[in-house]
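> Could you have a look at this structure, given as structure tokens, before my questions?
The values are calculated or read from the model by the stated rules, or taken from the named source; none is laboratory data. Note that the coordinates shown come from a computational prediction; the quantities given were computed from them, not determined experimentally. Reconstructed Cβ throughout: ideal geometry from the backbone, glycine too, with neighbour counts over all protein chains shown. Each accessible area value is taken on the protein alone, full model and side chains, heavy atoms only, with ligands, DNA and RNA left out. Shrake-Rupley method; radii C 1.70, N 1.55, O 1.52, S 1.80 Å.
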Amino acid sequence: MTDNSADTEMLLQVRSIGKNFGGVRALDHVNFDLKSGEVHVLFGENGAGKSTLINILAGAIRPDEGTIELSQKPVSLESVHEARRQGIAAVFQEFSLASELTVEENIFLGSEETTGIVLNKRKMRDTASEIVNRLGFDIPPRAQVSSLSRAQQQMTEIAKAMLTNPKILILDEPTSSLTEREVNQLFELMEVLQSEEVAIIYITHRVAEIRQVGDRVTVLRDGRYIDTVDAKSTSQQELVELMTGRSIGEFFPEVSFKPSDVCLALKNLTTRNKSVIDVSLEVRSGEIVGLAGLVGCGKSEIGRACFGIEPIERGEVEFLGETLNHLDPNSNLKRGLSYVPPDRRREGLLLDRPTRENISLASLDLATMSTKAVLHRSSERVITHNLAERMRVTPLALEKDANTYSGGNQQKILLSKYIARKNKVFILDEPTIGVDVGAKAEVYEFLASLAAEGVAVLLISSELPEILNMSNRVYVIRSGTVQAHFEGQEISEENLLNAFFSESAQGNTIRSATP
Ligand SMILES: Nc1ncnc2c1ncn2[C@@H]1O[C@H](COP(=O)(O)OP(=O)(O)OP(=O)(O)O)[C@@H](O)[C@H]1O
Ligand SMILES: [Mg+2]
């Protein structure tokens with residue numbers, strides 16, 4: 001629709017934008033428009049071009065062709081600062097925080113140039129606390145960013161974007177590692193902003209969120225504009241069909257569990273920083289055990305403690321009946337214990353190395369890859385290619401550096417890296433962050449196949465559907481302790497949410513937590 005009356009209410013108009021990365025056509029003549037006060041969802045598969053488009057709007061990259069108009073005036077968004085000055089702020093998919101600085105320092109980082117105001121420390125503190133309070137987020141303003149969980153870092157990014165009171169706020173998968181409560185806080189904030197006529201561009205792979213927060217949805221596929229539809233009246237099914245160009249059947253696989261021996265047992269585990277307190281749990285061969293709970297409840301730290309990343313004060317980690325004394329990721333990996341971290345950029349991938357190397361890195365010592373420390377290039381190529389194909393990494397051009405891949409595809413590369421090794425135990429922390437609905441099904445199939453092969457899987461996740469549909473048993477973590485344990489039919493949304501929030505959860509208590 002391009003009649004004049006519609007045009008006048010347009011805050012932003014993008015016409016025929018194109019962007020190439022080497023041989024890859026990331027955006028091909030894409031149109032997009034945004035009205036004041038609307039939430040406009042960008043939807044598309046991994047690699048469809050969503051982040052590329054918003055990176056252009058946020059001034060982070062330059063388009064090869066096309067025009068951008070802000071309030072009917074052509075603009076050239078040469079830098080992130082320039083975009084911010086024009087009223088466009090973004091929360092990027094991959095965080096841009098300086099990890100050695102504090103939350104408040106990060107919120108203000110680089111803002112002197114955009115706001116033109118130099119603030120004293122005191123004023124900075126007050127403003128930072130004000131923003132964080134307004135958002136209702138639980139983040140300590142003086143904490144160093146490196147000490148925060150992924151979710152807290154995500155909240156810090158959002159606070160940072162809010163500093164300049166943008167007219168257009170871009171959120172690239174802001175809820176990917178938040179749980180219910182934080183997501184609701186963010187949604188409330190979005191409503192307030194909407195009432196203040198702020199326009200929001202929202203990217204998500206959680207299809208259910210689209211109707212909840214969106215007004216309109218623009219669907220991209222392979223860098224091309226497909227359609228713009230109404231968010232409230234378009235069904236999830238229709239959206240997924242627009243996104244993939246095909247219909248998607250069953251989403252979660254049938255998982256049949258045949259649990260046998262205990263492979264991994266934590267005994268009264270307490271970490272030095274008390275993020276985990278007296279946790280005992282078991283994971284058996286042939287089952288998937290879910291670890292659920294709110295952001296910051298300590299579920300992530302449990303996984304990290306098993307790998308020596310989180311120092312342990314008391315308690316034991318047992319693997320196949322043997323107490324592990326030296327916990328570190330590499331020796332664990334060689335023993336048969338794999339840990340897939342939630343932060344693919346910080347702990348998982350070497351971004352400026354070829355994708356092939358990233359995938360083979362965790363299994364170079366295996367006989368299939370090398371003999372007597374001599375790497376077999378051709379078998380490395382074949383093996384990594386097959387793994388990446390299984391995980392549907394696109395494009396399948398593994399000599400390209402990992403950072404040339406879209407966010408969701410980087411996540412698939414990370415998973416490929418770990419599945420290269422057929423280990424006895426897998427601990428996965430938020431394995432589907434940023435992965436599109438089609439490819440998620442692939443990841444779930446893979447987890448189910450691990451369980452069927454007798455692998456023990458500990459699935460740490462903030463995605464409730466994932467926990468509900470994939471787990472044989474679930475431990476709910478609250479304030480660093482095991483709050484409840486559910487098995488089989490007891491694993492319901494209601495039971496889990498009760499345990500997340502209430503002091504004395506219904507269902508089984510910790511006393512029956514051992515299977
Ligand atoms: N710096 C880069 N160098 C080369 N190719 C790139 C670069 N950045 C993006 N691409 C390519 O551009 C295409 C679009 O990527 P983009 O990151 O925009 O996808 P996306 O829709 O955000 O996907 P996701 O849901 O996985 O985040 C992909 O094929 C990607 O591999
Ligand atoms: Mg992206």
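> At 222 nm, what helix-only mean residue ellipticity would the chain give, in deg cm²/dmol to the nearest 500, using -39500 (n - 2.57) for each DSSP H run of four or more?
Result for the chain: -9500 deg cm²/dmol, rounded to the nearest 500.
> Show me the ranking of peptides 413-420, 229-236 by mean Cβ neighbours inside 10 Å, starting with the highest.
The most tightly packed comes first, giving 413-420, 229-236.
> How much area per residue is accessible in the chain when the probe is 1.4 Å and only protein heavy atoms are counted (Å²)?
42 Å²
> Looking at segment 4-244 from every direction and averaging, what is the projected area of its Cα convex hull in nm²?
Reported value for the Cα convex hull: 13.0 nm².
> With +1 on the Cβ of every Lys and Arg and -1 on the Cβ of every Asp and Glu, and nothing else charged, how large is the dipole of the chain about its Cα centre, in debye rounded to the nearest 20?
That gives a dipole near 1380 debye.
> Still on this model: Among Phe251, Cys263, Val219, flag the residue with its Cα farthest along the positive direction of the charge dipole of segment 212-371, charges on Cβ as +1 for Lys/Arg and -1 for Asp/Glu.
Projecting each Cα onto the dipole axis, the largest value belongs to Val219.
> Can you give the Rg/Rh ratio of the chain, where Rg is from the C-alpha atoms and Rh is the Kirkwood radius?
Using only Cα positions, Rg/Rh for the chain is 0.97.
> When the solvent-accessible surface of protein heavy atoms is calculated with a 1.4 angstrom probe, in what order do Asp352, Asp278 fall, highest first?
Sorted descending by solvent-accessible area, the residues read Asp352, Asp278.
> Next question. Can you list the residues, at least 5 places off or on another chain, whose amide H is less than 5 Å from the amide H of Lys35, using H built in the peptide plane?
Excluding prolines and chain starts, which carry no amide H, the hits are Leu11.
> Mind running the shape call on segment 177-286? Use the C-alpha gyration tensor, a ≥ b ≥ c as the square roots of the eigenvalues: rounded below 1.5 for a/c, prolate if a/b tops b/c, oblate otherwise.
On the way: a/c = 3.62, a/b = 1.59, b/c = 2.28.
Judged from the Cα gyration tensor, segment 177-286 comes out oblate (a/c at least 1.5, b/c at or above a/b).
> Toward the positive end of the charge dipole of the chain, about the Cα centre and with charges on Cβ (Lys, Arg +1; Asp, Glu -1), which of Ser280, Ser235, Ser471 goes farthest?
Ser280
> How about segment 204-260: which GluC sites (Glu not before Pro) there lie in a loop by DSSP and see at most 14 other Cβ atoms within 10 Å? Can you show the working numbers first?
On the way: sites: Glu209, Glu238, Glu241, Glu250, Glu254; in loops: Glu250, Glu254.
Qualifying residues, ordered by number: Glu250, Glu254.
> In debye to the nearest 20, how big a dipole does segment 4-244 give about its Cα centre with +1 on each Lys and Arg Cβ and -1 on each Asp and Glu Cβ?
Taking the Cα centre of segment 4-244 as origin, the dipole is about 420 debye.
> Hey, another quick one. Among the lysines in segment 4-244, how many pairs, 8 or more places apart or on different chains, have alpha carbons under 21 Å apart?
10
> Moving to a separate point now. For Phe21, list long-range residues whose amide hydrogen, built 1.01 Å from N in the peptide plane, is under 5 Å from its own amide hydrogen.
Ala26
> Hey, another quick one. Compute, for segment 202-322, the length of the dipole vector about the Cα centre, with Cβ point charges of +1 (Lys, Arg) and -1 (Asp, Glu) only. Units Debye, rounded to 20.
For segment 202-322, the charge dipole is close to 320 debye.
> Enumerate the calculated ³J(HN,Hα) couplings along segment 143-159 in order (Karplus 6.51 cos²θ - 1.76 cosθ + 1.60, θ = phi - 60°), each rounded to whole Hz, writing x wherever the residue is Gly or Pro.
Once θ is set to phi - 60°, the couplings for segment 143-159 become 6, 6, 4, 5, 8, 8, 6, 4, 5, 5, 5, 4, 5, 5, 4, 5, 4 Hz.
> A further question follows. Considering only Gly303, Leu497, Val103, whose Cα is most displaced toward the positive end of the charge dipole of the chain, charges sitting on Cβ of Lys, Arg (+1) and Asp, Glu (-1)?
Gly303
> Follow-up. Please label the shape of segment 306-437 as rounded, prolate or oblate, based on the square roots a ≥ b ≥ c of the eigenvalues of the alpha-carbon gyration tensor (a/c under 1.5 means rounded; beyond that, a/b larger than b/c means prolate, else oblate).
oblate
> A further question on this structure: In the chain, carbon and sulfur make up what percent of the accessible area (probe 1.4 Å)?
48 percent
> Share of antiparallel DSSP beta bridges in the chain, in percent to the nearest 5?
So the antiparallel bridges in the chain amount to around 55 percent.
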